[in-house]
Amino acid sequence: MTKLKNIKVVVSDLDGTLLNPQHRISDYTKSIFQELHNQGYLIVVATGRHHLDAMAIIETLAVPVYLVSSNGGRIHSPDKEELFAFNLDSDVVKAALNIEIDPDVTVVLFKENVWQTNKWNERLNSFQAELKYRPELVDYKTIEDFKAIKIFFSCDNHEKLVKVRDAVLANSSEHLHHAFSLPTCLEFMDKSIDKAVAIAKVLEKEGFTMEQAVSFGDGFNDLQMLSATGKGLIMGNAPSILKDALPDLEVIQTNAEDGVARYIASKILDKELATT
């Protein structure tokens, strides 16, 4: 197969991308990323997850990885040094939450060491194999400090999240931008925060350009990243609206099929590894 030329950096989202449907990194994917490291590629994981949660996952790769977390709200070096941090101002978050929210919607504030939530959500907890980033039940009517890395809403009914999106933007559109990382997950960040912006900071530090990077993603929080890198790949399991939004990008195998690792093995690595 024809190899990608001039690629020096591999960037991947986690959920729905590098992780399989059980929210784990497969042994095959691990072997491919170890070979990437052995051949001198820079590896960046860019995720909406909090850094404490994501670090526990990427440690299983057993190779140095730059971590962009909270959709760009934090950047950590491979030795876990914090290189960049941004928090939403308490008043901005408070204004965003000053809306009518359907009781079926779970509200989460990403704090530095805990995630504050209005109710226990087993599905959200299931995303963590090990509970490194712990939930804290709160009543948003009684707390005073709303400062957060990002605001997160979850609901099985997408239309209810659309109503939340519209209401939040009506209050705070001058400060916030949003993304549906999944149809069931709505996230709000500061307008200056995005995965692509954070990745560019990492590459500048390491002496690379976005054109030298290949990226993999499956959600709307990956859109700018996929568009900005030299080669953007959309997962086969991504929603059709993302594929339609980026019609010129190639769609690869799903996360259940180790799509990222298999693409890397066939298109990037200098030597083929077994794909079974």
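Count of the stretch 188-201 residues, restricted to those that are surrounded by 23 or more Cβ atoms within 10 Å (Cβ to Cβ) and out of contact with any Gly (no Cβ under 6 Å at 6 or more places or on another chain), is 3. The numbered conditions (1) open to solvent by 20 Å² or more (accessible area, probe 1.4 Å); (2) under 24 Å from SER266 (Cα atoms); (3) out of contact with any His (no Cβ under 9 Å at 6 or more places or on another chain) are all true for ASP15 except (3). Residues in the stretch 145-156 that are open to solvent by 30 Å² or more (accessible area, probe 1.4 Å) and either of a type in the set (Ser, Thr, Tyr) or modelled with pLDDT under 95 (or both): ASP145, ASP156. Within the stretch 68-91, residues that are of a type outside the set (A, V, I, L, M, F, W, C) have Cβ atoms under 6 Å from residues that are assigned to a strand (DSSP E or B) and exposed (fewer than 15 other Cβ atoms within 10 Å of the Cβ) in these pairs: ARG74/ALA85; HIS76/GLU82, counting only partners at least 6 apart in sequence or on another chain.
Here is a yes/no grid of residues against (1) among the aliphatic types (A, V, I, L, M); (2) in contact with a strand residue (DSSP E or B) (Cβ under 8 Å, 6 or more places away or on another chain); (3) within 17 Å of LEU4 (Cβ to Cβ):
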residue: GLU187; (1), (2), (3): no, yes, no
residue: PHE220; (1), (2), (3): no, yes, no
residue: GLY236; (1), (2), (3): no, yes, no
residue: ILE241; (1), (2), (3): yes, no, no
residue: VAL260; (1), (2), (3): yes, yes, yes
residue: LYS267; (1), (2), (3): no, no, yes
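Within the stretch 176-217, the residues that satisfy the criterion of being in contact with a Phe, Trp or Tyr (Cβ under 9 Å, 6 or more places away or on another chain), of a type outside the set (A, V, I, L, M) and under 28 Å from ASP104 (Cα atoms) are HIS177, HIS178, PHE180, SER181, CYS185, GLU187, PHE188, ASP190. Scanning the stretch 202-226 for residues that are under 15 Å from VAL10 (Cα atoms) and open to solvent by 10 Å² or more (accessible area, probe 1.4 Å) yields GLU204, GLU206, GLY207, PHE208, THR209, MET210, GLU211, GLN212.
The values are calculated or read from the model by the stated rules, or taken from the named source; none is laboratory data. Everything quoted here is computed from the prediction, not taken from an experiment. All Cβ positions, glycine included, derive from the backbone under ideal geometry; neighbour counts span all protein chains shown. With ligands, DNA and RNA removed, areas are computed over all heavy atoms of the protein, side chains included. Shrake-Rupley method; radii C 1.70, N 1.55, O 1.52, S 1.80 Å.
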